[in-house]
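*Asks:* There's a structure below that I have some questions on.
The values are calculated or read from the model by the stated rules, or taken from the named source; none is laboratory data. Owing to the predicted nature of the structure, the values given are computational and were not obtained by experimental measurement. Positions of Cβ are backbone-derived with ideal geometry, glycine not excepted, and every protein chain shown enters the neighbour counts. For accessibility, only protein heavy atoms count, side chains too; no ligands or nucleic acids. Shrake-Rupley method; radii C 1.70, N 1.55, O 1.52, S 1.80 Å.
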Number of protein chains: 2
Amino acid sequence: MNRRPSVIIVGGGFGGLCAAQALKSAPVDVTLIDRHNYHLFQPLLYQVATGSLSPGEIAAPLRSVLSRQKNARVLLGTVLDIDPLSKHVLLADGASFEYDWLIVAAGSQSAYYGHEAWREWAPSLKSVEEAIDVRHKILYAFEVAERIADPAQRRAWLTFVIVGAGPTGVELAGAIAEIARQTLKNDFRSIDPKEAQIILMDSAARVLPPFPEDLAEKAKRSLGKLGVEVRTGVMVKDIDKEGLTIQTHAGTNRLEARTVIWAGGVTVPALGKTVAGRTKAETDGSGRIKVGPQLTVANYPDIFVIGDLAFAPDGNGAPLPGVAQVAMQQGTYAAKAIVARVKGEPKQADFRYFDKGNLAVIGRWAAVANVFGIHISGLPAWLIWAFIHLMYIVQFQSRILVLIQWAIQDLTFSRKELASVATKPADTDNIAANM
Amino acid sequence: MNRRPSVIIVGGGFGGLCAAQALKSAPVDVTLIDRHNYHLFQPLLYQVATGSLSPGEIAAPLRSVLSRQKNARVLLGTVLDIDPLSKHVLLADGASFEYDWLIVAAGSQSAYYGHEAWREWAPSLKSVEEAIDVRHKILYAFEVAERIADPAQRRAWLTFVIVGAGPTGVELAGAIAEIARQTLKNDFRSIDPKEAQIILMDSAARVLPPFPEDLAEKAKRSLGKLGVEVRTGVMVKDIDKEGLTIQTHAGTNRLEARTVIWAGGVTVPALGKTVAGRTKAETDGSGRIKVGPQLTVANYPDIFVIGDLAFAPDGNGAPLPGVAQVAMQQGTYAAKAIVARVKGEPKQADFRYFDKGNLAVIGRWAAVANVFGIHISGLPAWLIWAFIHLMYIVQFQSRILVLIQWAIQDLTFSRKELASVATKPADTDNIAANM
């Protein structure tokens with residue numbers, strides 16, 4: 001009896017899941033391994049952090065997504081290592097699985113550039129758990145401010161700093177401004193949430209570096225209208241429990257801010273380094289694995305690396321950006337390449353990225369979009385953003401309710417997820433310590 | 001200048017929140033103190049644990065509920081102690097607040113009857129955090145079973161035991177059965193989730209002790225149809241990581257079950273004991289504070305105790321049950337009593353509980369209800385249950401979407417919150433240890 005070729009996919013993000021789905025009718029057995037039982041719709045994670053959506057609304061259980069795909073199975077587990085010679089992946093629990101084809105789609109994680117200690121005071125926004133913590137941190141800051149009499153302390157609790165002015169940072173800053181100015185405006189007695197200072201900072205010269213200059217300028221103006229203070233050309237020197245030390249061309253400054261959120265850069269996960277080591281693959285400065293024109297690792301035509309973990313050059317030799325679009329197209333490409341090879345078809349064309357554009361949402365009915373080179377802003381851009389995100393969500397699970405919820409929220413400024421669920425019990429008892 | 005009388009309410013559950021709302025037009029200043037920033041709609045907590053609702057959908061932020069009530073403020077904090085002589089409450093963070101009238105509505109917590117070690121293996125269902133953990137535990141058990149080859153081990157992972165056959169236990173058992181038999185039925189490759197064994201056990205002679213005999217019998221039959229095995233007259237002797245030791249009239253038995261959920265009894269929280277100590281109030285066996293006919297503590301007519309923490313006898317001297325209805329009526333009563341006394345009105349009538357009946361839901365379109373003495377079961381009871389719960393939810397926040405979601409879920413057997421968010425990272429790595 002002929003065993004069907006085994007395809008192992010590591011990671012159920014955009015790249016891995018697209019690859020699995022593209023193998024639907026292929027004569028292969030697909031094993032998708034992820035540490036979580038869900039596919040996370042990361043572009044909306046900031047909405048979980050800011051109380052608009054619940055984790056379940058942006059997390060599609062991998063099993064139900066692949067429930068009808070009979071050639072696919074899902075394993076919950078952490079891949080620790082691979083052996084490219086015997087063609088095995090090794091899981092943290094000791095189990096090992098053999099592959100004929102391997103697709104490594106292990107994604108990225110937030111990078112603190114050697115300052116791991118900052119993570120404690122400035123959480124990032126890469127996982128559901130972190131989003132829940134960020135939500136708690138934001139809501140808790142208003143609660144503490146309500147209890148504090150000292151004006152300087154109160155101001156520090158009402159100062160929110162977002163480090164990194166890429167799309168996630170812009171989206172977070174806009175949403176926090178809306179929480180302070182609209183959602184909570186009548187809820188407190190001692191403070192006025194509108195006094196909150198929301199600062200979006202970046203070492204770059206402008207917000208949204210991947211966007212054209214004019215759209216970045218429009219985004220900055222929209223943020224200003226929402227009450228977000230944009231500070232560019234600012235280097236973070238230190239982050240501690242009380243705030244940040246920053247450096248500008250004018251010198252070094254201290255900024256008291258009890259809520260700091262890290263929307264800085266990303267790096268590769270531990271598995272990325274392991275795969276690079278085992279295959280002796282070249283990596284770039286941030287550890288991404290250089291792949292050939294068919295997205296495979298040099299000398300290992302059976303190992304594909306896709307998504308954030310891959311360094312796949314665009315036409316000019318620069319790496320493709322770490323966004324969902326790239327990962328999805330690469331996942332589909334890898335799946336088709338495997339099918340072609342399994343069937344013994346002639347060599348497939350090289351991977352080519354089809355860039356549909358960039359989108360960043362700023363707030364209610366405000367966004368910027370660069371779609372096929374056309375620059376759009378304001379409500380039209382927001383409508384494009386909403387449409388595209390809804391299509392993706394509906395693709396994975398029937399989530400038409402998200403549309404209705406957004407409509408309600410946008411008309412009423414309410415947010416439905418403002419219950420602050422702490423991951424650590426009884427942390428309300430720290431208020432005095434902070435006073 | 002005359003200071004308005006200060007009313008401090010400890011606890012934002014059904015009793016405390018109703019009291020605060022009933023003081024809306026009263027010439028008093030209301031301070032509501034809770035450890036969380038939300039009012040939790042506890043009767044639906046089992047739906048969070050079983051993936052039907054998100055925490056935000058049953059948690060109404062106290063601030064937004066009381067946002068328009070200008071004489072009320074909300075404080076996030078833990079009340080540690082009271083001084084009934086100087087009339088102060090003391091918070092864990094060191095702050096203290098003076099009251100003229102105090103309403104203690106601190107609720108209850110799950111009781112393990114001297115076996116605190118069981119809590120680790122058999123979580124209860126009193127908080128959002130516990131509900132999230134229980135959800136993770138249930139979903140994770142199926143994931144581990146999928147990975148295990150040994151039939152006995154696999155069976156242990158697919159055995160779910162709910163200890164305590166009151167309404168919460170019945171509701172949980174029914175929902176887990178539906179998850180196994182409907183929601184997950186196509187999602188696994190090695191196991192059939194329908195093989196899962198769901199056992200509901202109680203030391204009492206029948207399920208739903210507060211219900212009439214015939215309804216309890218109907219509930220038991222409905223549970224049987226869903227695939228729940230009901231075992232009554234069973235004493236739990238021990239709970240450990242692997243399962244339970246139980247005692248029946250036939251002797252002592254071992255039951256291998258990796259998922260045990262505690263829906264047993266309740267006891268008073270630490271603050272209950274403190275208040276009893278400070279006021280030298282009488283308590284019953286489970287620590288509840290005995291209150292007079294006007295719900296105040298003996299010798300302290302300015303201290304009301306309401307809800308689960310109060311031992312308030314019904315007409316026959318038996319304590320009123322720890323349910324939302326009782327707490328809400330007591331909260332409204334306490335508020336009215338305070339207003340009457342502040343205004344110097346003649347003595348108010350004693351508290352009388354108006355029992356509207358009991359409801360327990362078993363599964364899709366199945367429930368039992370004892371409404372004004374009329375015994376109802378099946379779909380009609382389910383409709384009453386759904387209507388009443390929706391009315392409560394709508395009362396606190398505009399949550400009409402919950403209705404739409406229930407409709408969709410009931411037609412499709414889907415559950416929208418099946419992403420298993422672990423509170424501890426990387427616990428998927430334990431799978432091997434459990435094999």
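*Asks:* Can you confirm whether A:Arg221 is part of a strand (DSSP E or B), over 21 Å from the mean Cα position of the chain (by Cα) and at pLDDT 95 or above?
*Replies:* Answer is no for this residue.
*Asks:* Could you list, in sequence order, the residues of segment A:70-88 that are in a loop (DSSP other than H, G, I, E, B) and either closer than 17 Å to A:Phe14 by Cβ or hydrophobic (A, V, I, L, M, F, W, C) (or both)?
*Replies:* Of everything in segment A:70-88, just one residue is in a loop (DSSP other than H, G, I, E, B) and either closer than 17 Å to A:Phe14 by Cβ or hydrophobic (A, V, I, L, M, F, W, C) (or both), namely A:Leu85.
*Asks:* Which residues, taken from segment B:28-46, are open to solvent by 20 Å² or more (accessible area, probe 1.4 Å) and not in a strand (DSSP E or B)?
*Replies:* B:Arg35, B:His36, B:Gln42, B:Pro43
*Asks:* A further question on this structure: Just one of B:Ala196, B:Ala145, B:Ala156 is more than 30 Å from B:Gly265 (Cβ to Cβ), of a type in the set (Gly, Ala, Ser), in contact (Cβ under 8 Å) with a residue 12 or more places away in the chain and open to solvent by less than 10 Å² (accessible area, probe 1.4 Å); which is it?
*Replies:* Testing whether each residue is more than 30 Å from B:Gly265 (Cβ to Cβ), of a type in the set (Gly, Ala, Ser), in contact (Cβ under 8 Å) with a residue 12 or more places away in the chain and open to solvent by less than 10 Å² (accessible area, probe 1.4 Å) leaves just B:Ala145.
Residue by residue, here is whether (1) within 12 Å of chain B (Cβ to nearest Cβ); (2) at pLDDT 95 or above; (3) in a helix (DSSP H, G or I); (4) surrounded by fewer than 24 Cβ atoms within 10 Å (Cβ to Cβ) holds:
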{"position": "A:Gly15", "(1), (2), (3), (4)": "no, yes, yes, no"}
{"position": "A:Gln21", "(1), (2), (3), (4)": "no, yes, yes, yes"}
{"position": "A:Ala26", "(1), (2), (3), (4)": "no, yes, no, yes"}
{"position": "A:Leu90", "(1), (2), (3), (4)": "yes, yes, no, yes"}
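*Asks:* For a quick check of your reading: which strands (runs of 3 or more DSSP E) sit entirely within segment B:287-401 and have at least 1 residues that are closer than 22 Å to B:Phe41 by Cβ?
*Replies:* The qualifying strands (runs of 3 or more DSSP E) are B:357-363, B:366-371.
*Asks:* For residues that are within 13 Å of chain A (Cβ to nearest Cβ) and assigned to a loop (DSSP other than H, G, I, E, B), scanning just segment B:92-103, find the one that is nearest to B:Ser6 (Cα to Cα).
*Replies:* Ranking the candidates gives B:Ala95 first.
*Asks:* Quick one: in segment A:200-253, of everything that is of a type in the set (Ser, Thr, Tyr) and surrounded by 14 or more Cβ atoms within 10 Å (Cβ to Cβ), which residue is nearest to A:Gly373 (Cα to Cα)?
*Replies:* This residue is A:Ser222.
*Asks:* What residue, among those in segment A:120-144 that are more than 13 Å from chain B (Cβ to nearest Cβ) and either part of a helix (DSSP H, G or I) or hydroxyl-bearing (Ser, Thr, Tyr) (or both), is nearest to A:Ile162 (Cα to Cα)?
*Replies:* Applying the filter and picking the extreme gives A:Ser124.
*Asks:* Related question: Scan segment A:326-365 residue by residue and report those that are more than 30 Å from A:Lys225 (Cα to Cα) and touching a strand residue (DSSP E or B) at 6+ places or on another chain (Cβ under 9 Å).
*Replies:* Scanning segment A:326-365 gives A:Val326, A:Ala327, A:Gln330, A:Gly331, A:Tyr333, A:Ala334, A:Ala335, A:Ala337, A:Ile338, A:Arg341, A:Val342.
*Asks:* Residues to consider are A:Ala257, A:Ala270, A:Ala276, A:Ala263; find the one that is under 25 Å from A:Thr78 (Cβ atoms) and crowded, with 17+ Cβ neighbours inside 10 Å.
*Replies:* Result: A:Ala276 is the single residue among A:Ala257, A:Ala270, A:Ala276, A:Ala263 that is under 25 Å from A:Thr78 (Cβ atoms) and crowded, with 17+ Cβ neighbours inside 10 Å.
*Asks:* Pairs please, first residue from segment B:57-84 and at the interface with another protein chain (Cβ under 7 Å from one of its Cβ atoms), second anywhere and charged (D, E, K, R) and open to solvent by 30 Å² or more (accessible area, probe 1.4 Å), Cβ atoms under 6 Å, 6+ apart in sequence or on different chains.
*Replies:* From residues that are at the interface with another protein chain (Cβ under 7 Å from one of its Cβ atoms), the pairs are B:Arg73/A:Arg189; B:Thr78/A:Asp429; B:Thr78/B:Arg35.
*Asks:* Which members of segment A:66-124 meet the condition of being of a type in the set (Ser, Thr, Tyr) and within 21 Å of the chain's Cα centre (by Cα)?
*Replies:* A:Thr78, A:Ser108, A:Ser110, A:Tyr112, A:Tyr113, A:Ser124, listed by residue number.
*Asks:* Could you list all residues from segment A:343-371 that are surrounded by fewer than 17 Cβ atoms within 10 Å (Cβ to Cβ) and more than 23 Å from the chain's Cα centre (by Cα)?
*Replies:* Result: A:Lys343, A:Gly344, A:Glu345, A:Pro346, A:Lys347, A:Gln348, A:Ala349, A:Asp350, A:Arg352.
*Asks:* Separate question: Of the residues that sit in segment A:106-119 and are in a loop (DSSP other than H, G, I, E, B) and in contact with a strand residue (DSSP E or B) (Cβ under 6 Å, 6 or more places away or on another chain), which one is nearest to the other protein chains (Cβ to nearest Cβ)?
*Replies:* A:Ala106
*Asks:* Filter segment A:145-160 down to residues that are part of a helix (DSSP H, G or I) and within 14 Å of another protein chain (Cβ to nearest Cβ), then give me how many there are.
*Replies:* 5
*Asks:* Additional query: Examine segment B:197-215 for a residue that is over 24 Å from the mean Cα position of the chain (by Cα) and within 24 Å of B:Gly107 (Cβ to Cβ), and state whether such a residue exists.
*Replies:* No, because not a single residue in segment B:197-215 is over 24 Å from the mean Cα position of the chain (by Cα) and within 24 Å of B:Gly107 (Cβ to Cβ).
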